[in-house]
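To keep things clear, I will list the structure first and then write my remarks on it.
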Amino acid sequence: MFEFRIPLRDWIETGVRWLIDEFGVAFDAFSDFVQMVIGNLLSGFEWLPPWGMMLLIGALAWKLAGWRLGVGSILGLLLIENIGLWGPFLQTLALVITAQLLILIVGLPFGILAASSDTAERIMRPVLDFMQTMPAFVYLIPAVMFFGIGLVPGVVATFVFAIPPLVRLVNLGIRQVPADLIEAADAFGSTRWQKLVKVQMPVALPTIMAGVNQSIMLNLSMVVIAGMIGARGLGAEVLRGIQRINVGQGFEAGLAVVILAIVLDRMTAALGKGPGQK
């Protein structure tokens, strides 16, 4: 029987190797940049004693979301330090912040572009669907091929996996700005940039912050998976617990991830609300 098989696997492998050959220098430069950012963050975190870092995060949480989250954050961080996971916690926090900075730098402009152009939105929609539904483990393969083992491929895989919600919700928030506000801005002679910065972005801020919140949650969901490719931190501790079938070790590391997720979730959710809503 005649059978026709599309050599998709071969095409993808050939394309990846071509990218490595042609843009290897750019990948190395990006890897050095990410390692520098993570290294600087870790140096800053480690410069403060644990109690100083706890007070800083607690004060920030108090300022953004109220005293309950401030006190709860300090208690949660005390627990993390008490069970001996302070070092991995800082490494995970540095990885999450670095990945989130990349997500914001790329996601916000693409979300604005999708909101300003129907053609751009139609092009981006299937790409975002593909990125969001592809199993997270699949992203590890090209990340390791391009950047080797360590924190950098973890950041890259996290970035690709977590960026779609931000792009979608920035697009949605700007498109939902009432038309009468846009017409009023046009009547006052506002430029396109002024409308974006002074009208559309402030009105869409709650939706945009919901996108930031969702991207952070997906970001944290990749922590354990990134531990499989040499990314240090709490993910590596969870993975070590799985390898040793040590329920206690895995539970402790998972609890630390939950504490970090709750603190970041409540803080970013509070940023999208007005002062009277906190």
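Remarks
- Among the candidates 92, 119, the residue that is hydroxyl-bearing (Ser, Thr, Tyr) and crowded, with 20+ Cβ neighbours inside 10 Å is uniquely 92.
- Selection of the stretch 71-92 for residues being without any contact (Cβ under 8 Å) to a residue 40 or more places away in the chain and not small (Gly, Ala, Ser) yields 71, 74, 75, 78, 81, 82, 86.
- Residues that are part of a helix (DSSP H, G or I), farther than 30 Å from residue 171 by Cβ and either basic (Lys, Arg) or in contact with a helix residue (DSSP H, G or I) (Cβ under 9 Å, 6 or more places away or on another chain) (or both), drawn from the stretch 76-106: 76, 77, 78, 79, 80, 81, 86, 87, 88, 89, 90, 91
- Cross-chain or 6+ apart pairs with Cβ under 8 Å, the stretch 159-185 first and more than 15 Å from residue 99 (Cβ to Cβ), then exposed (fewer than 15 other Cβ atoms within 10 Å of the Cβ): 185/194; 185/198
- Residue check for residue 36: surrounded by 12 or more Cβ atoms within 10 Å (Cβ to Cβ) and either within 21 Å of the chain's Cα centre (by Cα) or assigned to a helix (DSSP H, G or I) (or both): no
- Of all residues in the stretch 198-233, those being outside any helix (DSSP H, G or I) and buried (at least 20 other Cβ atoms within 10 Å of the Cβ) number 4.
- Pick from the stretch 1-32, criterion surrounded by 13 or more Cβ atoms within 10 Å (Cβ to Cβ) and aromatic (Phe, Trp, Tyr), ranking: farthest from residue 263 (Cα to Cα): 23
- Residue 173 meets all of the listed conditions (1) over 29 Å from residue 64 (Cβ atoms); (2) small (Gly, Ala, Ser); (3) in contact with a helix residue (DSSP H, G or I) (Cβ under 6 Å, 6 or more places away or on another chain) but one, namely (1).
No value in this document is a laboratory result; all are computed from the given coordinates. Given the structure is predicted, the values throughout are model-derived calculations rather than measurements. Here Cβ is always computed from backbone atoms with ideal geometry, including for glycine, and neighbour counts include all displayed protein chains.
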